[in-house]
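Enquirer: Sharing a structure below in C-alpha cells format, with a few things to ask.
Just so you know, all these numbers are worked out from the coordinates, no wet-lab data involved. Keep in mind it's a predicted model, so treat the numbers as computed, not measured. Because the Cβ atoms are built from the backbone with ideal geometry, glycine has one as well, and the counts that use them run over all protein chains shown.
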Amino acid sequence: MDSTIIIFLDGVGIGKADSNINPFFKYEFKTFTNIFGETPHIDKQRLSRNGIYLFPTDACLGVQGLPQSGTGQTSIFCGINAPETIGQHFGPFPHTSLVPIIKEKNIFAEFMRIDKKVTFLNAYPKLFFEYIKSGKQRLSVTTLSCILSGVPLNKAAQLRNGTALSAEIDNHRWVSRMSYKMPVITPELAAKRLIRIAAKNHFTLYEFFLTDHLGHGRIPESFMHIYNALDEFLLYILSNLPENISLIICSDHGNFEDISTKMHTINPALTISAGKNAGYFAEKITDISKIKNTILEFYT
C-alpha cells in the first residue's frame with residue numbers, strides 16, 4: 001500500500017538565525033542538525049540531504065495581514081486559498097462560510113471518495129466529547145473535517161491500546177493534567193506507532209498544536225518538555241521512514257520561530273518532505289494551498 005503521512009505542526013515558520021528570539025537557535029533541534037546538518041533560517045530557507053527536503057511554503061497567499069489558523073488550515077486540508085475566498089485571514093477556527101467547503105473538499109473526504117483508507121491519529125479526552133454533545137461548534141479544521149466526513153475520532157481507549165496518539169505525543173498531559181490512568185510513553189514509541197498505523201492506511205494525519213500554544217506564550221513551564229518530545233518524535237520518524245511511505249511535515253503560519261512576539265508572523269511556513277515522493281513535493285508545494293492536491297495527484 002502506498003501511504004502518505006501529514007504531520008501538521010501548528011504555528012511553525014522559518015525565522016531569523018537569532019538565538020534571542022528563535023528557539024531553534026537557542027536550543028539545539030536535532031531534527032534539523034542531525035538530518036540536515038544545520039538549522040534553517042530566513043536567509044537559508046532550503047535544505048536537503050539524503051532525499052529529505054526542507055523548504056519554505058507561503059502562508060500569506062496574497063492577502064494582507066497576519067495568517068491565521070482557521071483560513072490557513074482550511075487552505076492546507078481543502079486545497080483552496082481560504083483567505084482569498086473570504087477576503088481576510090481568519091482564526092483560530094474556520095469562518096462559518098468555509099464550513100460547506102470544508103465538508104466538500106477536505107482531504108479525508110477526497111480520499112474516501114476514491115475508496116482509500118484514512119485515519120486521524122489524534123485522541124480526544126472525555127471532556128471534548130462532552131463539549132461536542134453540548135452543541136458547541138468551535139472546532140479546528142481537522143476535527144471538523146473528521147466529523148463532517150464520518151472519520152472516527154479516537155478516545156482514551158484507542159490511546160491506551162496504541163492505535164492513537166495524544167496531542168502532546170507522549171501522553172504526559174493526559175496523565176499529569178487530566179489524571180488518566182495510562183503510561184507516559186517515549187516519543188520514539190509514539191513515532192513507531194505512527195509509522196505502523198500509517199502503513200495500514202493510504203492517508204494518515206497527525207496534528208501537533210502545542211507549538212502554537214508555546215508561540216503565544218502559553219504553558220511556559222512545559223516548554224522544554226514539549227520541545228524535546230517533538231524533536232525526538234520527528235527525528236525518529238525521519239530517520240526510520242519506510243521507503244513506500246511519503247511524509248509531509250507542514251504548518252499553517254509562523255509563530256513559534258519568533259518568541260519576541262505573541263502574535264503570528266508573516267514568515268514562510270516550515271515544510272519538510274521525506275520518503276517516496278519527497279522530491280516532487282519539494283518542487284510542487286510553493287504555498288500551503290497546494291499541499292492537498294499535490295498529495296492526491298498520486299492517488300487519482
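Enquirer: Could you give the C-alpha radius of gyration of the range 73-223 expressed as a fraction of 2.2 N^0.38 Å, taking N as the number of residues it contains? Write out the running numbers ahead of the final one.
Expert: Numbers: Rg = 16.1 Å, N = 151, 2.2 N^0.38 = 14.8 Å.
Against the empirical 2.2 N^0.38 Å value, I get 1.09 for the range 73-223.
Enquirer: Another question, if that's okay. Which ³J(HN,Hα) values in Hz, rounded to whole numbers, follow from the phi angles of the range 244-249 under the Karplus curve 6.51 cos²θ - 1.76 cosθ + 1.60, where θ = phi - 60° and Gly and Pro get x?
Expert: 8, 10, 9, 10, 10, 9
Enquirer: Wrap a convex hull around the Cα atoms of the chain, take a quarter of its surface area, and give that in square nanometres.
Expert: Numbers: hull surface 56.3 nm².
Result: a mean projected hull area of 14.1 nm².
Enquirer: In addition: Add +1 for every Lys or Arg and -1 for every Asp or Glu among the other residues with Cβ under 10 Å from the Cβ of PHE256, and state the total.
Expert: Details: positive: none; negative: ASP10, ASP212, GLU257, ASP258.
So the surrounding residues net to -4.
Enquirer: So, one more: If the only charges are +1 at each Lys and Arg Cβ and -1 at each Asp and Glu Cβ, what is the size of the charge dipole of the chain around the Cα centre, to the nearest 20 debye?
Expert: Around 1000 debye, computed over the chain.
Enquirer: Greater than 28 Å separation of Cα atoms is the criterion. Which listed pairs, LYS103/LYS290; LYS103/LYS200; LYS133/LYS192; LYS155/LYS292; LYS30/LYS116, meet it? Please report the intermediate quantities before stating the final value.
Expert: Details: LYS103/LYS290 18 Å; LYS103/LYS200 25 Å; LYS133/LYS192 33 Å; LYS155/LYS292 26 Å; LYS30/LYS116 34 Å.
Too far apart for the 28 Å limit: LYS133/LYS192; LYS30/LYS116.
Enquirer: Continuing with this model, one more query. Charges on Cβ only, +1 for Lys and Arg, -1 for Asp and Glu, centred on the Cα centroid of the chain; of TYR180, SER145, ALA167, which one is farthest towards the dipole's positive end?
Expert: In the chain, that residue is TYR180.
Enquirer: Moving to a separate point now. Work from the charge dipole of the range 1-94 (Cβ charges, +1 for Lys and Arg, -1 for Asp and Glu, about the Cα centre) and give the residue of ILE86, PRO67, GLY51 farthest towards its positive end.
Expert: The listed residue farthest towards the positive side: GLY51.
Enquirer: Return the whole-Å distance between the Cα centroid of the range 149-166 and the Cα centroid of the range 201-244.
Expert: The distance from the Cα centre of the range 149-166 to that of the range 201-244 comes to 18 Å.
Enquirer: Mind checking which lysines have their C-alpha under 22 Å from LYS26, skipping anything on the same chain fewer than 8 residues away?
Expert: By straight Cα distance, LYS26 reaches LYS16, LYS44, LYS262.
Enquirer: Full-extension gain between ALA199 and GLU84, please, as 0.36 nm times their residue separation minus the C-alpha to C-alpha distance.
Expert: Contour length minus Cα-Cα distance gives 37.8 nm.
Enquirer: Provide the descending list of Cα extents for the range 125-187 along its principal axes, expressed in whole angstroms.
Expert: Ordered largest first, the range 125-187 gives principal extents of 32, 20, 17 Å.
Enquirer: Going by the alpha-carbon gyration tensor, a ≥ b ≥ c the square roots of its eigenvalues, is the range 195-299 rounded (a/c under 1.5) or, if a/c is not under 1.5, prolate (a/b greater than b/c) versus oblate? Walk me through the numbers before you get to the answer.
Expert: On the way: a/c = 2.52, a/b = 1.49, b/c = 1.69.
Oblate, since a/c reaches 1.5 and b/c is not below a/b.
Enquirer: Along Cα→Cβ, 7 Å out, is where each label goes; now give me the distance between the ones at ASP58 and ASN34 in nm to one decimal.
Expert: It works out to 3.5 nm between the two label points.
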